[in-house]
Amino acid sequence: MPNTLHKTGCKTALLSGILWLAGCTDPAWQTKDISGLMPPLEFELISEEAEPVSEADYAGEVTLLFFGFTHCPHICPATLANLAAISGELDEAAQDDLQVLFVSVDPDRDDPATLREYTDAFGPEFTGLTGDDEALEALTRRYRVTYGYGKKDDAGNYDVSHSNAVFAFDRNGEAQLLIRESDPKEAIVADLNRLLEI
């Protein structure tokens with residue numbers, strides 16, 4: 001009988017230990033966790049204020065990074081509007097700690113003034129960035145993003161193909177999440193709230 005009690009006690013202690021460890025484990029992110037898979041935020045670009053900037057100018061806040069262009073007919077305005085709506089669901093303090101960097105891969109048409117006018121439509125947390133071909137290629141290569149230019153029409157207009165994913169970095173500039181078009185809004189809000197609390 002004492003031996004049975006000893007075995008039962010050991011099993012109970014083991015189960016309690018497992019449950020305690022499970023309680024200490026962070027729940028899974030609801031969007032794609034890319035921590036350790038992508039390098040930290042790093043760039044040298046030109047801001048919508050026509051000033052040279054680097055990742056150091058945006059340190060200390062949770063940063064969302066999205067590549068696009070202002071003449072984009074669907075993906076860019078829809079993505080930025082969605083991010084604006086998601087930002088609006090965060091509490092006021094969290095909104096102040098979130099920034100969205102919109103990097104134009106169409107520098108020929110997207111000068112700083114054009115970018116500023118475009119991002120102003122979505123909210124104060126949105127900032128437009130651009131750069132020369134070398135700077136853009138370095139940044140897109142760093143995050144394995146591709147883009148390309150379509151053939152110009154008779155009026156000189158052309159399309160730009162690009163990724164629609166949004167990269168999320170923590171306050172230290174470490175890559176944490178990849179937010180995709182298919183991710184539910186509630187999942188994005190939950191993950192951003194969690195990232196903002198870190």
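The values are calculated or read from the model by the stated rules, or taken from the named source; none is laboratory data. The shown structure was predicted, so the numbers you read here are calculated from the model rather than taken from an experiment. Please note that ligands, DNA and RNA were not included when accessible areas were found on the heavy atoms of the full protein model with its side chains. Shrake-Rupley method; radii C 1.70, N 1.55, O 1.52, S 1.80 Å.
Per-structure values
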quantity	calculated
Per residue accessible area in Å² of the chain, where ligands, DNA and RNA are left out and the probe is 1.4 Å	56 Å²
Residue order for Tyr143, Tyr149 - accessible surface, 1.4 angstrom probe, largest first	Tyr149, Tyr143
Computed Kirkwood radius, in angstrom, where 1/r is averaged over Cα pairs of the stretch 60-120	12.4 Å
Of the DSSP H helices in the chain, those whose Cα atoms cover at least 30 Å axially and whose Kyte score averages 1.0 or more	none
Shape box of the chain [Cα atoms, principal axes, largest first, Å]	92, 34, 29
Viscosity 1.567 mPa s, 4 °C: Kirkwood-radius Stokes-Einstein D of the stretch 81-198 over Cα pairs, µm²/s	82 µm²/s
Along principal axes, Cα extents of the stretch 32-100, largest first, whole Å	30, 27, 27
Principal semi-axes in Å for the stretch 110-168 [√(5λ), Cα gyration tensor, largest first]	20, 19, 12
Ranked order, Ile198, Ile46 - accessible area, probe 1.4 Å, largest first	Ile198, Ile46
Antiparallel %, DSSP beta bridges [both residues in the chain], to 5	60 percent
Cα-Cα separations in the stretch 140-198 greater than 16 Å, expressed as whole percent	58 percent
Helix-derived mean residue ellipticity, 222 nm - over the chain, DSSP H n ≥ 4, -39500 (n - 2.57), to 500	-11500 deg cm²/dmol
